[in-house]
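Laboratory data are not the source of any read-out in this text; all were calculated from the coordinates shown. This structure is a prediction, so every number in the text was calculated from the model and none was measured. No Cβ is skipped: glycine too gets one built from the backbone with ideal geometry, and neighbour counts run over all protein chains shown.
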Amino acid sequence: MARDYSDAYKSTLAEVNAPEAPLILLEIDHAELDEPVRVVNDTQDLTSNGNLYVGFPFRCVLPDDFENQLPKARLSIDNVSRDLMYWIETTGGGQGSTATFKQVLRSNPDLIEWQIQMSLFNVNVTMQEISAELGFENLFGKPAVSFRYNPTNSPGLF
């Protein structure tokens, strides 16, 4: 799938010694949160489109783009905040949460070069880190109709 990137972003990706690296913005949203958690994978805060993203290094494997496969991503955050643990415990492991990844350049943070929103699954907590899988619900594996007639539930038809 072709994407329309800015010339500055393309040249940054192509250069060996680029003056700046793309930054990953992460928004985690849930119905119980007043506003989404916004962090940037950097040590400095960043304001993008009027929203403040707190500098908080995290590790992520961005989703792949393979044919005939649902994109999957992986997110790991250091377990340093009691607020985050409280939120995970009260929401049943973050059930119903969404994570939005965005890539920007620090020189032009209001221009979103790339963005994807995924659901949070399989949150795993250890003493050192909080990790989660991100992906999409497999709609192709679901039945097309809510009720199917078969010999078990409708023997009079067969």
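Remarks
- Close Cβ contacts (under 8 Å, 6 or more residues apart or on different chains) running from residues in segment 69-88 that are surrounded by 15 or more Cβ atoms within 10 Å (Cβ to Cβ) to residues that are in a helix (DSSP H, G or I) and not acidic (Asp, Glu) comprise Ile77/Leu84; Asn79/Met85.
- Residues that are charged (D, E, K, R) and surrounded by 12 or more Cβ atoms within 10 Å (Cβ to Cβ) within segment 28-56 comprise Asp29, Arg38, Asp42, Asp45, listed in sequence order.
- The number of residues in segment 124-158 that are surrounded by 14 or more Cβ atoms within 10 Å (Cβ to Cβ), hydrophobic (A, V, I, L, M, F, W, C) and more than 16 Å from Glu27 (Cα to Cα) comes to 2.
- Residue match in segment 86-95 (condition: part of a loop (DSSP other than H, G, I, E, B), within 21 Å of Lys72 (Cβ to Cβ) and more than 18 Å from the chain's Cα centre (by Cα)): no
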